[in-house]
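S.K.: Please find one structure pasted underneath; my questions will follow.
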Amino acid sequence: MDVSGTIETILGNKPRPIWSVSPDATIYDAIAMMAEKNVGALLVMENEKLVGIISERDYSRKVMLKGKTSRDSFVREIMTTELTTAHPRETVEECLRFMTDKRIRHLPVVAEGELRGVISIGDLVKHVISAQSATLEQLKDYISGGYPS
């Protein structure tokens, strides 16, 4: 399947806010922010530098299952620090394959040392569905003899 498009295109269609939290925030505050913003992960920023990511998966596996309390523990204790990032020029197909293989749902996008955004597996799936729908419409028009004016 040809999945065209770049990550830059997807970022251009997303709302601009990048939700983040400090590594010194409580896990409770991070989870509350995820709920308020309706997101599954937050970037962890320290002095405007990306130092990690905290996700609902981190919470369920590193807090709930280990008997920690979210009000007395800090983001730095459970955040994922071994980050892989995407470049805005990477293709949707490359990122889909990578995220599927690594079983990750969120991927920070960085260019020239600057954080440009974050994409989720859901963002990529929406893009693929949109591209497929457009292709199907074009094929339908071609088969039925209709041509764009």
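S.K.: Just the residues that are touching a residue at least 24 places away in the same chain (Cβ under 8 Å) and under 22 Å from Ile27 (Cα atoms), please, taken from the stretch 76-106. It would help to see each step written out before you state the result.
M.R.: Here is the first cut: in the stretch 76-106, the ones touching a residue at least 24 places away in the same chain (Cβ under 8 Å) are 76-81, 83, 85-93, 95-96, 99, 105-106.
Hits for the stretch 76-106 are Arg76, Glu77, Ile78, Met79, Thr80, Thr81, Leu83, Arg105, His106.
S.K.: On to the next question. Which is modelled with pLDDT under 95, over 21 Å from Ile129 (Cα atoms), of a type in the set (D, E, K, R) and surrounded by fewer than 16 Cβ atoms within 10 Å (Cβ to Cβ), of Glu94, Glu48? Don't jump to the end; show me each part of the working.
M.R.: Numbers: Glu94 fails: over 21 Å from Ile129 (Cα atoms).
Going through Glu94, Glu48 in turn, just one is modelled with pLDDT under 95, over 21 Å from Ile129 (Cα atoms), of a type in the set (D, E, K, R) and surrounded by fewer than 16 Cβ atoms within 10 Å (Cβ to Cβ): Glu48.
S.K.: Let me ask something else about it. Limited to the stretch 32-67, what total is found for residues that are acidic (Asp, Glu) and in contact (Cβ under 8 Å) with a residue 12 or more places away in the chain? Walk me through how you get there before you give the answer.
M.R.: Filtering the stretch 32-67 for residues acidic (Asp, Glu) gives 36, 46, 48, 56, 58.
Those left that are additionally in contact (Cβ under 8 Å) with a residue 12 or more places away in the chain: 46, 56, 58.
Total satisfying the criteria: 3.
S.K.: Leu124 - would you say it is assigned to a helix (DSSP H, G or I), surrounded by 17 or more Cβ atoms within 10 Å (Cβ to Cβ) and in contact with a Leu (Cβ under 6 Å, 6 or more places away or on another chain)?
M.R.: On the way: assigned to a helix (DSSP H, G or I): yes; surrounded by 17 or more Cβ atoms within 10 Å (Cβ to Cβ): yes; in contact with a Leu (Cβ under 6 Å, 6 or more places away or on another chain): yes.
Taking the combined requirement at face value, the residue satisfies it.
S.K.: I've got another one for you. Would you confirm whether any residue within the stretch 52-72 is at pLDDT 95 or above and farther than 30 Å from Ser4 by Cβ?
M.R.: yes
S.K.: So how many residues does the stretch 1-40 have that are at pLDDT 95 or above, among the small types (Gly, Ala, Ser) and farther than 12 Å from Gly117 by Cβ?
M.R.: So the count comes out to 5.
The values are calculated or read from the model by the stated rules, or taken from the named source; none is laboratory data. Since this is a predicted model, take the numbers as computed values, not measurements. FYI the Cβ positions are ideal-geometry reconstructions off the backbone, even for glycines, and counts take in every protein chain you see.
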